[in-house]
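The structure appears right after this line, and notes come after that.
The values are calculated or read from the model by the stated rules, or taken from the named source; none is laboratory data. Computed from a predicted structure; not experimentally measured. Backbone-built Cβ (ideal geometry, glycine too); neighbour counts: all protein chains shown. These accessible areas exclude ligands, DNA and RNA; they are computed on the full protein's heavy atoms, side chains included. Shrake-Rupley method; radii C 1.70, N 1.55, O 1.52, S 1.80 Å.
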Amino acid sequence: MERTDLEFWTPHQVAKLLTLLENEKRYFQEILASVPVGLAIVAADLSLVSVNRAFRKQFDLAHEDVARVTLSELIAEEAVLSRVAQCRESRQATEPVFFRRSLPSRPDQNLRLQAFPFADWFSQEESDVLVVVEQAEGLPPSVQSMVRALPGVVWRTDESLKEFEFANPDTLTRISSLQPEQWRQRILEADAGRVARVYQTVFSASVGSTSSNRGTEDGTEKGGMSGVVDYRLDRGNQDWVWLADEVQRVEGDPPVLQVFTSDVTSRRHDTRRALDTAKIDALSRFAGKLAHDFNNILMVLQLNLEEALQGLPDGDARKESLSEALQATERFASINQQLALLGKQPLTASRLINLNDWLTQMSFPASLSLSPTPATVEVDPSILERAVRELLTTTDESPYIHLERAHVMVDFASGMGAGEYVLLRLGPLQKVTDELEDRWNEPFHGLGNGVATACATLRRAGAHVYLRRFRSNAAEYEICFPLAQPPAQPEAAAAQQTEAVLPSRETILVLEDEASIRSLVARVLRREGYQVLEASSGQEALQILSQHAGEPALIVSDVMLPDMLGTELVAQLRLIHKRMPVVYMSGYSDERALSSGKLAPYEAFLAKPFSLSVLLQTVRLLLSQSRG
């Protein structure tokens, strides 16, 4: 209706029309005021133009407060406010967005907001937005309690990956020490690209796809309706936490991604420890087998060269050549011994030491911080000294050694049982990259062959060795020993007998599966006047002894036999002859053979290759002890 049309109306008719319009306006205002859904007209500056009673009740607003507050003061979530701005710019209704609102009278409200374009009936301006706020369909209180108690965060997002709706945001704050709005911005830059790719891949998966983005620890980029991706979140103070997102696409209009985020820092830590342990085990087995084979070859060369030298008269020109060959063999044996250390179990020198006293005496080139309580461990001091010095050579400026005691819960990944441990920390190491952290204890690829040897040797001695990396890419070594209880009284060290015993007609059983070594050892012993029985396996030895009159005075046995361990054969024989002396020999000492790392009385161990003089001296010593 044009305003000029009113000029043809009588005053009475105009008054009647205005009365009808005013009544109509009040009628609709009353309807809107009584609607149980919150309604608000929001201006461009987010001020409230008009609200109904339901809206005031939702936000605990008095009637006179409406003109003094803005929507941003009532709702802090940026995702919600961005929807209102989106509606104002596009002049189209937005999809609903969910948020939480806590008031003293109504804690933990789950609300749903939707924005619609709104034009004034008279000015026809299109700057205002009609906001509809209603109670979201909430879960029963018992279910809400269960969701809040979940160990991970339940949330969902749309394709933009900018707006998030959390079912239990308090859990996110607990595991990450961050507020929900800070979370995505604190993903480490090195991981952010991989996380985004996995999300986009899952979101773009075709409907009906059954493949899954599972199977790798850091996620994958295959197609599928679900996926898993691990990433690091920067918590500040040079610290990060590992999180894992399990992502699933849910069809709808539009489709959304539902995500379960959990803290996997402990799992990653356990996995890395398990990998380190597996690497050391594999390296030790390989190195031990290789050194064993080399030592068997060196044994034949060395004993034959020694025997040939002994058979030549003084002044023979061949003696010089044979001596040089023997020296080269001994140098090779020394080099091979370093390889053998990777797979070797320490045998004889373990004893109880207080690391506080030991570190004070050793004078390592590092600042020292001791434990306030006794830190007693059982270890070979020489092995520990070599390992510590080797590890310190890889540290940077201002090296340190820190000693403390710690209580450890069960660690299934590393094999550490619950109990008290002594922790030896050595550092610092700088610029430790992801790749170096993964391969730090590998020969040729990590921190050096010496570190790989030191770690393997310490582990064989009963320690657990790890590399602990910090947020600043610095790191330190951690060596963990089980806490040992000191003896009530110090044990007096038994004086070893070194006197030589003249050979006799005693019988010695030589047990060795390598024919060349067996015949060589037997020939040397026979030349010294001993009677020698030879066997290549445990069963053959038992058969020979059953047919032989009398019992052998001593056994020379390889540790690893084709059908049994040398220790198993000796255990059977000692059921009858408890004091039967034994000389074990091996190219390596496998922990399956000598798991205790200690020798029983009347036992000796000879690491191949050994010399003729060492063999004969050991045999004479054990025979002398068995007679006494």
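A few notes on this one:
- Residue in the range 60-73 that is modelled with pLDDT of 90 or more and part of a strand (DSSP E or B) present: yes
- Positions within the range 321-346 being at pLDDT below 70, over 13 Å from PRO609 (Cβ atoms) and outside any loop (DSSP other than H, G, I, E, B), in sequence order: GLN338, LEU339, LEU341, LEU342
- Long-range neighbours under 6 Å by Cβ, at least six apart or interchain, first residue touching a residue at least 60 places away in the same chain (Cβ under 8 Å) within the range 294-314, second open to solvent by 30 Å² or more (accessible area, probe 1.4 Å): ASN296/GLU514; VAL300/SER516
- Qualifying positions in the range 362-409 - over 15 Å from PRO428 (Cβ atoms) and among the charged types (D, E, K, R): GLU378, ASP380, GLU385, ARG386, ARG389, GLU390, GLU404, ARG405
- Pairs where the first residue, in the range 91-103, is of a type in the set (D, E, K, R) and the second is open to solvent by 60 Å² or more (accessible area, probe 1.4 Å) and modelled with pLDDT under 75, C-beta under 7 Å, 6+ apart: ARG91/GLU126; ARG100/ASP108
- Residues of the range 258-269 classified as open to solvent by less than 60 Å² (accessible area, probe 1.4 Å) and either under 13 Å from the mean Cα position of the chain (by Cα) or closer than 14 Å to ARG469 by Cα (or both), total: 3
- When ALA282 is tested against (1) more than 16 Å from the chain's Cα centre (by Cα); (2) at pLDDT 80 or above, exactly one condition is not met: (2).
- Pair list, Cβ under 6 Å, 6 or more apart: the range 270-290 residue assigned to a helix (DSSP H, G or I), other residue open to solvent by 60 Å² or more (accessible area, probe 1.4 Å): ILE280/ARG459
- ARG156 fulfils the conditions (1) open to solvent by less than 50 Å² (accessible area, probe 1.4 Å); (2) at pLDDT 80 or above; (3) outside any helix (DSSP H, G or I) except for a single criterion, (1).
- Residue in the range 310-320 that is open to solvent by less than 40 Å² (accessible area, probe 1.4 Å) and in a helix (DSSP H, G or I) present: no
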